[in-house]
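Encoded as structure tokens, the structure appears first; notes follow it.
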Amino acid sequence: MEKITITLQDMRRAISYGRDCKVDNFSDEQLLNADFGRDLHMGNIRLANVAIELQRIYNISLPIEMFHQMKDNTVRSFIESANKCLAERA
């Protein structure tokens, strides 16, 4: 089975889909440090839409526990937590 890693580019695409707008105006570092609620104005449902979009793109399943493992509410933490869950399942 191919190892899947969620990238920042994947997150840009999924966030744009979940927010229904672009995040192209964020630098990579700004996006990694962006807080979903404060900076991206995304609530739980839109955050769930990001996870669903990633699952659709890669045909994977991200467990709900992934959200409990996040250190904070940033894009960086989401990526790290998602990739940790994917690595544990491989």
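The numbers here are math on the coordinates, done by the rules we state, and not lab data. Keep in mind that what you see is a predicted model, and the values were worked out from it rather than measured. Ideal geometry is used to build each Cβ from the backbone, glycine not excepted, and the neighbour counts take in all protein chains shown.
Sum up the charges of everything whose Cβ sits under 12 Å from the Cβ of residue 6, counting Lys and Arg as +1 and Asp and Glu as -1, but leave residue 6 out.
+2
What lysines does residue 3 reach when the alpha-carbon gap must be under 22 Å and sequence neighbours fewer than 8 apart in one chain are set aside?
84
Report, in deg cm²/dmol and to the nearest 500, the calculated mean residue ellipticity at 222 nm for the chain, where each DSSP H run with n ≥ 4 adds -39500 (n - 2.57) and the sum is divided by the residue count.
-17500 deg cm²/dmol
What are the aspartates and glutamates whose alpha-carbon lies under 20 Å from the alpha-carbon of residue 22, with same-chain residues fewer than 8 places away excluded?
10, 35, 39, 53
What are the radius of gyration and Dmax of the range 1-62, computed over its Cα atoms and given in Å?
In Å, with Rg to one decimal and Dmax whole: 11.6, 37.
Treating only the Cβ atoms of Lys and Arg (+1) and Asp and Glu (-1) as charged, compute the dipole magnitude of the chain about its Cα centre; round to the nearest 20 debye.
Values: 12 positive and 13 negative charges, 32 e Å.
Magnitude of the dipole: close to 160 debye.
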